[in-house]
Amino acid sequence: MTDRSEKTRIRRWRRYLADERAEGALYRELAERYTGEERDILLGLADAEERHEQHWVDLLGDDARDPGRASLGSRLLIVFGRRFGSLFVLALAQRAEGRSPYDADSDATDAMAADERIHGEVLRGLASRGRRRLAGSLRAAVFGINDGLVSNLALVLGVGATGLPPQTVLVTGVAGLLAGSLSMGAGEYVSVRSQRELLEASRPDPQSQHALPHLDVDANELALVYRARGMSPQEADARARTVLSTLHLDDTGSITAVGDDEDGIGSAWGAALSSFLFFASGAFIPVLPYLVGAEGFLAVAIASASVGVVLLATGAIVGLLSGGSLLRRALRQLAIGIGAAGVTYVLGLLFGTAVG
């Protein structure tokens with residue numbers, strides 16, 4: 001082996017060593033934000049990175065004393081870990097582990113390559129917990145912002161393409177912003193409120209719980225309640241016996257069944273306000289060029305470019321948090337949004353020509 005190839009190999013090993021140390025430090029830093037099982041899992045990942053680190057130390061010998069800086073990606077992960085939410089960092093780390101170079105490097109052991117792949121799955125599992133908690137609010141945020149962006153851009157471009165004065169386009173855009181935001185807020189309020197009322201209508205009467213301790217365990221009507229809710233006779237009987245065996249008094253002295261969870265629908269007013277704000281923030285962007293005095297094609301270009309940038313950003317965020325391709329999600333979001341607005345713009349041009 002030539003001196004040049006040996007030096008290249010040592011540089012690669014040192015980079016691997018620096019990256020392993022950085023990743024171990026990241027997992028230990030993330031572990032400080034968690035408790036219980038999640039904390040133990042992250043510390044376990046840090047221990048695994050230390051084993052990989054030792055492999056490169058053994059190969060490098062004296063050259064391991066100062067491996068230099070970690071790769072840019074590893075350094076950015078640490079920076080993001082200190083400044084942003086844990087879910088964001090876990091999603092990035094998951095992608096990083098999935099791109100490990102160990103599969104194609106004969107100097108890394110098969111066990112190390114397998115570890116890195118499994119680490120990606122471990123991080124996927126940890127991130128999925130946060131994704132489930134975030135799913136509802138993320139859906140509302142992305143839907144609200146994108147709906148505001150696309151619908152108001154389409155409205156502004158469609159009206160502007162007919163040749164109407166910029167002041168008319170501005171008033172139309174502001175009206176679309178207010179109408180859409182109020183409609184989204186009202187719709188979300190009615191939706192959440194109706195869902196809560198439907199669940200409340202289906203929830204057992206609290207007063208009926210006082211009768212539970214007096215039921216005959218061998219022949220009780222509680223099983224009929226579960227049969228009425230769709231269970232088979234055998235399932236209903238087993239469920240009734242379980243409930244009767246797990247009764248306890250709560251803090252108010254009333255009888256409840258262990259494991260009775262509250263629904264996680266949230267506040268109707270909170271959902272309405274967030275939908276209003278998300279839609280309004282998206283709908284404001286297409287109007288902005290007209291607010292600062294832009295006209296004609298310049299206003300159309302600025303509005304379209306601004307909306308396109310935000311669509312790319314929201315698509316990339318969804319791709320990142322979902323563990324998918326950032327570029328594919330971003331381009332999909334852009335194509336859908338600009339495509340819909342483009343159709344409206346063409347129709348506006350045709351209508352303006354026909355009227356003229």
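See the values below:
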quantity	calculated
Single match in 48, 22 (criterion: assigned to a helix (DSSP H, G or I), surrounded by 18 or more Cβ atoms within 10 Å (Cβ to Cβ) and either touching a Gly at 6+ places or on another chain (Cβ under 9 Å) or on the phi > 0 side of the Ramachandran plot (or both))	48
Meets criteria (surrounded by fewer than 19 Cβ atoms within 10 Å (Cβ to Cβ), closer than 22 Å to residue 92 by Cβ and modelled with pLDDT under 90) for residue 137	yes
Condition met for residue 193 (at pLDDT 60 or above and over 30 Å from residue 154 (Cβ atoms))	no
Close pairs (9 angstrom Cβ cut-off, 6 or more residues apart or separate chains): aromatic (Phe, Trp, Tyr) and part of a helix (DSSP H, G or I) in segment 174-203, surrounded by fewer than 14 Cβ atoms within 10 Å (Cβ to Cβ) and at pLDDT 80 or above anywhere	189/269
Test: residue in segment 57-64 that is surrounded by fewer than 16 Cβ atoms within 10 Å (Cβ to Cβ), out of contact with any Lys or Arg (no Cβ under 7 Å at 6 or more places or on another chain) and modelled with pLDDT under 85	yes
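Each row is one residue, and each column tells you yes or no for (1) part of a loop (DSSP other than H, G, I, E, B); (2) closer than 30 Å to residue 121 by Cα; (3) in the same structural domain as residue 121 (by TED's automatic domain parsing); (4) in contact with a Pro (Cβ under 8 Å, 6 or more places away or on another chain).
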{"site": "299", "(1), (2), (3), (4)": "no, no, no, yes"}
{"site": "302", "(1), (2), (3), (4)": "no, no, no, yes"}
{"site": "328", "(1), (2), (3), (4)": "no, yes, no, no"}
{"site": "343", "(1), (2), (3), (4)": "no, no, no, no"}
{"site": "348", "(1), (2), (3), (4)": "no, no, no, no"}
{"site": "351", "(1), (2), (3), (4)": "no, no, no, no"}
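Each row is one residue, and each column tells you yes or no for (1) closer than 10 Å to residue 290 by Cβ; (2) in contact with a Cys (Cβ under 6 Å, 6 or more places away or on another chain); (3) at pLDDT below 90; (4) among the charged types (D, E, K, R).
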residue	(1), (2), (3), (4)
153	no, no, no, no
160	yes, no, yes, no
166	yes, no, yes, no
187	no, no, yes, no
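Let's see how each residue does on (1) more than 19 Å from residue 28 (Cα to Cα); (2) of a type in the set (Gly, Ala, Ser); (3) modelled with pLDDT under 85:
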residue	(1), (2), (3)
50	no, no, no
54	no, no, no
94	no, no, yes
116	no, no, yes
120	no, yes, yes
124	no, no, yes
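The values are calculated or read from the model by the stated rules, or taken from the named source; none is laboratory data. Given the structure is predicted, the values throughout are model-derived calculations rather than measurements. Note: ideal-geometry Cβ built from the backbone for every residue, glycine included; neighbour counts use all protein chains shown.
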